[in-house]
1. Return the Cα extents of the range 86-130 along principal axes one, two and three, sorted largest first, each rounded to a whole Å.
2. Expressed as a whole number of Å, what is the distance separating the alpha-carbon centroids of the range 1-43 and the range 80-116?
3. Can you give me the Rg/Rh ratio for the chain, using Cα atoms for both radii and the Kirkwood formula for Rh?
4. What does the helix-only formula give at 222 nm for the chain: each DSSP H stretch with n ≥ 4 adding -39500 (n - 2.57), the total divided by the residues, and the result rounded to the nearest 500 deg cm²/dmol?
5. Relative contact order (percent) for the chain, with alpha-carbon contacts under 8 angstrom and 6 or more residues of separation?
6. Percent of Cα-Cα pairs per 10 Å bin, from 0 to the last occupied bin, for the range 1-71, please list those.
7. Starting from the Cα gyration tensor of the range 43-86, take the square roots of the eigenvalues, sort them a ≥ b ≥ c, and report rounded, prolate or oblate (rounded when a/c is under 1.5, otherwise prolate if a/b is larger than b/c, else oblate).
8. Mean-square fluctuation check for the chain, GNM, Cα pairs under 10 Å: which of Ile63, Ile53, Ile99 is largest?
Amino acid sequence: MAANNILANLFSAMYNNEMRNKKECLVVPSSNLATKVLRTMQASKYIGEFETIDDGIGGKIRIQLLGRINRCGVISPRFAVKLKEFGKWERQYLPAVGIGVLIVSTPQGVMSHKEAQEKQVGGRLIGYVY
């Protein structure tokens, strides 16, 4: 079986279902990182509720879509980002200042770049959504 990027899978499934105006989508397989990324997106009001379903194989995630995602994607390779560099990455991945969030993995967990700036931590870029 080919290696698959669970996060790339997650983002493309959400984006594709969002473009078809679906109310929810099912993503296979799930992972702890995927759930943390979804929690961050939920906190930023891009998605509604989501639940992980343990099917004994790889797990599934059912996500409630709110029709708020215009674009989302994984950032690969996972660039290291310092606290002062968030502006540079925002300009590269987000359409305009104040629109969208970069999702960052920090020593304090997965969070939006705005939260990382408030907590004064850097980390690694995982993805973006707007």
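Read-outs throughout are calculated quantities, based only on the coordinates presented, and are distinct from any laboratory measurement. The structure presented is a predicted model; accordingly, all values stated were derived computationally and were not measured. When we count neighbours, we look across all protein chains shown, and the Cβ atoms used for this are built from the backbone with ideal geometry, even at glycine.
1. In descending order, the Cα extents are 27, 17, 14 Å.
2. 19 Å
3. Details: Rg = 14.3 Å, Rh = 14.9 Å.
Rg/Rh for the chain comes to 0.96.
4. On the way: 4 runs with 40 residues, N = 130.
Calculated at 222 nm, the ellipticity per residue is -9000 deg cm²/dmol.
5. On the way: 225 pairs, mean separation 31.3, N = 130.
Here the relative contact order equals 24 percent.
6. 21, 58, 20, 2
7. Numbers: a/c = 2.69, a/b = 1.52, b/c = 1.77.
Oblate, since a/c reaches 1.5 and b/c is not below a/b.
8. Ile99
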